[in-house]
Structures are given as C-alpha cells and as structure tokens.
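Visitor: One structure, as structure tokens, below. Some questions next.
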Amino acid sequence: MTTNPPTGGQPPSPNQGPGDDQPTYGQPTYGQPEYGPPVWGSTDVVGGQAAQRPAGGNRAFVPWIIGLVVLLVIGGGAFAVRAALGGGGDQPAAALPAGAVAYGRIDLDPAGAQKIAALRLADKFPGFAEATGITDPEVDLRERLWELIQADEASVADIDYQTDIEPWLGSRAALAYVPPEGDAAPETGVVVALQVTDQDAAAEGLEKLMAASASAGESGEPAGVAFVADYALIAINQGAADAFAAAAETSSLADAEGFQQDMAALGEEGVASFWMSKDVYALIAEASGEGLAASGVSPSLFSAQGNLAMALRFDESYLEVAVAVTEAELPEPEGDAGSDLMVGLPESTLLAVSTTYGSEYVDQAWSQLQELGAPDGVDLDAQVEGFEQQTGLSLPEDIATLLGDGFAIAVDREGIDGLAGMAGLADMRIGALFDADPAAAGAVIDKLVAAAGGAIELEVVESDGVLAVSPDAAYAAELTGGSLGESEAFQNAVPEAGGADFAMFFNMDALETSSLYADSVTGDIRANLDVISAIGMSGTFEDGVGRASLRVVVGE
C-alpha cells in the first residue's frame, strides 16, 4: 500500500541536520521519484503500523545489526529441517528501492530440498558438528550466536534473545546500496532489510537494541528503522530509512526490469544470492577521483563486464556457486570443441582446463592491452618488436594461430609425487590439446621449441584435426580418446561439459591417492578434505548472457 506523506516537507538528510534540504535516493537511470516519507511516531508508517522512534547512535548500531545478519546467515534453520519445508513470502528485493545498484541476500527458508541437501552435505564432513555445534537437525543456533555477540559487545549484554529478538526475527535478510543524489555521503546509501514476523515486536526489539547502544556512550544521529510489508529497513538515520521505504513502495527492486532479467538469467537463487549492476563501476570511478584516471584505466573497461548475479545452491552431492553476467561486451566464442577436448582426456587426469576462447579472444585481449598502454617510460611496441626478433614469433598472430578454436591443458596424477622436490618436475605428465589448423599450429610449436634453444622437447600427435602436445611421447598419445567425461565425479563437477565454452576440473580423489598428499596433509584437515571428490567449473556465453557454475563435489 502507498500512504500519503505527512505535511512539513522532507525529513532530514542522512548526513544533514534538521532544516537542511533532504536529498533524494536512487539513480536517475531507474527513474526514482522524489518523495516525502512518513516519520517515526506518525500514523503513516509505510506498510504497517506506527512505531516510536528508537534512540541511539548510528555508529553504535553497526555491531548488533551485523550480528543479526550473522544470525540469519549461519543460525537457526541454516541447516535445520523444520516442519515447513517450502519457502514463502516475498524476498527482500520486494522491500528495497528499484534504484539499488548492489544487493546481497540470505534466505534460510528456500525450497525444502535446498535445506535438506545442505544438512546432508554438511553431515558428510567429520568436523561439521564440532565446528558448528549442530548435532540435531532441529537445533536453532541463533541463540548461541547471540550469546557470542553479547560476549563481544557489552552494550547489548542485557538484551534477552528469547524475549527481545526471537519473537520477531524472520528467515531472510539483505544488504543493498542505493546511490544517494546530491552531496550526500556515500554511506547514506546503505540499507539493511530484515524480515520480521511481527512489526510491533520488531519495533520494540530494535528500539531496545538502539537504546542499549546509546547508553553505551555512542554519539551521533540515531539509526533509522522503517517498515515495508514484512521487512524492517535499517539505515544510517531515520530520514534515510523513511526515504528508502517510500521509494520501495513506489517502485521496488523486485519490480525493476533489469533486475528481473538478471535474476531470470541466474535461475534458482538458492540459499544466498548477490546482484550488482554495471552502473557500480561508474560510482567507483567517481569515488576514486583522479586515481583511476591517472592509472590510464577507463571505467568502460570494467562496465563492459556487464551486470553480475550470483547464487549459492546445495545438492546432496555438491555445493554450487552459480554466476550469470548480462549486457557484457565480450566476444562470443566461435569454436565448439573446447570442453569436448576435456571430455576425451584420460580418466587419470588430475587437473584440466579447457576453453573455446581461442583466436578471437586473443585479438580482443591484445586490443585491450594496447588500450591500457605500458607503464610510464616503457615503449610497448619496442618491447614486442624485440621479443619477436629474439624468438621468431609474430605477436599476436602466432598466439591466435596456435589457440585456434580452443585448447585444453591437462596434468596427469602419475608423477605428481615428484612435486615434493623440484627434480621431480621432469617426471610430471603434462600436455595440451589445440583445436587449430594442424600445419599452421605445428609451425608455431616449432618456433616455440626453437626459441627455447633446445631446453625443451615436445612430442606432437595429430588426431582428427586436433594437436596433442606433451614432453612425454606416451602421454601425448593418451590425451585424446580417454574416458574422463564418463566418470561420475567429472559429470557432477562439470555439468554439460560438452557444450561449455570454458571448463576446469580438479580431481581430488586422484590427489588423495598420492604420497605427496598423504605426507603433507594429516589429522582433521585431511579427514575433511578426504570428503571432497572433485572441484569443477564450467560456463557458456551466448546472446550477451554468460553463465558459469563452480561446484565442490562431495563423495560418500
């Protein structure tokens, strides 16, 4: 619902006194309007009933508000399987202004499968129960964590969790940044959204917390609290909190088209998520003053990376960090065999990376390098010319020729025990695959060997238009036609590897069979690392949207 603002004009600015002008919040790009929000004690509290303005310093509120967010992040129900397995109600984005350019969220009431998977995954680690105290799936850690906060923050020692916090603290929280307009200090744009189950109890509990902080001798303008539906918005002062609430009622972040598109590209938001608009880079450039300009780095170089969205998800077999990037000005790979190269590696592979970002990416990277320029006093063109004369290579043409439509690099588990000493490097089995024109790429490899002056010898094997290269002739022959892609650990770690534009795979199971691992990792650390089967990453970039997945796979 939307309420009419009380008479008397704007509330004080977050960094101004009464009688100064109130700046508006939000970025012009989002079209955020000006507003005159209600104040504490009026009958026009946005989204709920009126509450009395709490007392206390805004600097004092920081420790306990961080503590409350921590309670939500790792407390009550983080791994608890309660009777209600399905998430319900609005996410914090529905209570935050559309003008936000950054947003981080924690949700301890997601889909029931997520909570069950998180608990079962965590239980596989021997040190989990000891580190967290969770031995009962119904345990609520929030009270224990609050006791830790009290031990470190004397001002809230008399706050009782059962009566002052537990009755109103919900399962979701978020931190957002809304760029303040005018001359307002950057910190006035920070807002925390806490889900509450009872507005009256929340107002009373927050008032008590702020009063406790004020009694500890903290000075400064009181922190502010305003309510939007099932959320308490906490900001640097009351004017800011009311402004954020009014802006959210007018147009929320959840309603912003750009935010919706980015989160749709991300998919399931999981237990925690993060979003950042590419507009943040311009704010960073502005805040850095002449520093960024002096470095020669253009803000457009960063904003070209696009908008960023991330999510933390759980499955019974792995933990996943998913990433989506939109509106990025990056080249789309033209090849289609990058991760297919990885799929065909030997099952004994310890580490592998693969990408279809070949020659076209080299061209862009080289252009960016020239745009950035060299450090003062360094003639970049002269340096490149000198290198070309010494090696016989042509830059960047030869690099682009070698990488072609994609490449993969692999390290086998055989021989890694020798890493305990530098002498053992010669025993390692390492190789590369190049999806490139065999004759042209082979000529570049010959140049590299010649430039090394006989220090290295490389065996080159061609198979179906792909070059396999390794110092070990036998390993070069094994680099294609393998069965790595058929292993369960690989399939869990690198989903849809055959269609990925880039991928990475680290075989923890293979490492754990080595004497290098056995001799250097012991005790509790080893017991917990032994649970990890593999680590993988994969991603695609298509139609201006990049998607990536980082997974930590856990065995039985």
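The values are calculated or read from the model by the stated rules, or taken from the named source; none is laboratory data. What you see is a predicted model, and the numbers here were worked out from it, not measured in a lab. Because the Cβ atoms are built from the backbone with ideal geometry, glycine has one as well, and the counts that use them run over all protein chains shown.
Visitor: Return yes when Leu341 is in a helix (DSSP H, G or I), modelled with pLDDT of 80 or more and aliphatic (A, V, I, L, M) and no when it is not.
Guide: Yes: the conditions hold for Leu341.
Visitor: Shifting gears a bit: Does Pro471 satisfy the condition of being closer than 17 Å to Asp412 by Cα and without any contact (Cβ under 8 Å) to a residue 60 or more places away in the chain?
Guide: The answer is yes for Pro471.
Visitor: Over 30 Å from Ala282 (Cβ atoms) and of a type outside the set (Val, Ile, Thr), is that true of Glu166?
Guide: Yes, satisfied.
Visitor: From the list Leu550, Leu467, exactly one residue is assigned to a strand (DSSP E or B), farther than 28 Å from Tyr318 by Cα, modelled with pLDDT of 90 or more and not acidic (Asp, Glu). Which is it?
Guide: Within the list Leu550, Leu467, the selection yields Leu467.
Visitor: Could you check Val444 against (1) under 19 Å from Pro346 (Cβ atoms); (2) touching a helix residue (DSSP H, G or I) at 6+ places or on another chain (Cβ under 6 Å); (3) buried (at least 18 other Cβ atoms within 10 Å of the Cβ) and say which number it fails?
Guide: Every listed condition holds for Val444 apart from (1).
Visitor: Can you find, within segment 259-305, the residue that is modelled with the lowest pLDDT among those that are part of a helix (DSSP H, G or I), charged (D, E, K, R) and surrounded by 13 or more Cβ atoms within 10 Å (Cβ to Cβ)?
Guide: Only one residue fits best here, namely Asp279.
Visitor: Another question, if that's okay. Can you tell me which condition Gly431 does not meet? The list is (1) surrounded by fewer than 17 Cβ atoms within 10 Å (Cβ to Cβ); (2) assigned to a strand (DSSP E or B), and all the others hold.
Guide: (1)
Visitor: Does any residue of segment 535-556 turn out to be over 23 Å from the mean Cα position of the chain (by Cα) and either free of Cβ contacts under 8 Å to residues at least 40 places away in the same chain or surrounded by 15 or more Cβ atoms within 10 Å (Cβ to Cβ) (or both)?
Guide: yes
Visitor: Inside segment 434-461, can you point out the residues that are among the small types (Gly, Ala, Ser) and not in a loop (DSSP other than H, G, I, E, B)?
Guide: Within segment 434-461, Ala439, Ala440, Ala441, Gly442, Ala443, Ala450, Ala451 qualify.
Visitor: Also, quick follow-up: How many residues, within segment 180-191, are surrounded by fewer than 24 Cβ atoms within 10 Å (Cβ to Cβ), at negative phi and either basic (Lys, Arg) or not in a helix (DSSP H, G or I) (or both)?
Guide: 5
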